[in-house]
Every structure is written in structure tokens, then in C-alpha cells.
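Take a look at the structure set out below.
The values are calculated or read from the model by the stated rules, or taken from the named source; none is laboratory data. Note that this is a predicted model, so its numbers are computed, not measured. We place every Cβ from the backbone using ideal geometry, glycine too, and count neighbours over all the protein chains shown.
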Amino acid sequence: MNIQDIAKSREKKAVFNMVLEESCRQWCDGIENAPERKDGEGFADFFYEVFEDKEKEYVQQIKEMNGGRLPTLQPKGKDHER
């Protein structure tokens, strides 16, 4: 899986933020036991692994919250600092 696969799929795009947040939580939770994670190297591969593991579960959750349908995706405004 790669970013193009996500961009082509409405289902994958619908769960992208959920999976990204879950990946960050899991990555950061393991930093104490794996200090090599501090530089972020390898996070992209880790993210895609989590995506493949969680995609179906999260799509089902989103559909349950939206009456069996995927939500309409619209760009969000930037409301955060970098």
C-alpha cells in the first residue's frame, strides 16, 4: 500500500485521519522501549502496516456512525500551527 492507493479509494480516504492518529499513538507509546523511534525513521512503513490492520474496522465504524454510508469528504481549513 502507498499514498496513491489511499488517494484512489473513498473508503481509505474516509479513515485516513483515524489511522494516522492511531499510528501516532502506537508509535509514541513505544518510544520508551524503542528510543530509535525518536527520529521518526520508519514511521511511514509503520503507518501503512497499521492502515492495513485497522482499515476495515474503521470503515465499519464510520459507516455505523453515518447510517451505513461513507461521509462526504470535504477539505478542512487549517486551524493548527506547525
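Take the range 27-45 and flag every residue that is part of a helix (DSSP H, G or I), touching a helix residue (DSSP H, G or I) at 6+ places or on another chain (Cβ under 7 Å) and at pLDDT below 95.
If the condition is that a residue be part of a helix (DSSP H, G or I), touching a helix residue (DSSP H, G or I) at 6+ places or on another chain (Cβ under 7 Å) and at pLDDT below 95, then Arg37 is the only one that fits.
Answer yes or no as to whether Glu52 is more than 16 Å from the chain's Cα centre (by Cα) and at pLDDT 90 or above.
no
Cβ-Cβ below 7 Å, separation at least six or inter-chain, first residue in the range 54-70 and without any contact (Cβ under 8 Å) to a residue 40 or more places away in the chain and surrounded by 15 or more Cβ atoms within 10 Å (Cβ to Cβ), second of a type in the set (A, V, I, L, M) and not in a helix (DSSP H, G or I): which pairs?
Listed pairs, sorted by first residue: Lys63/Leu70.
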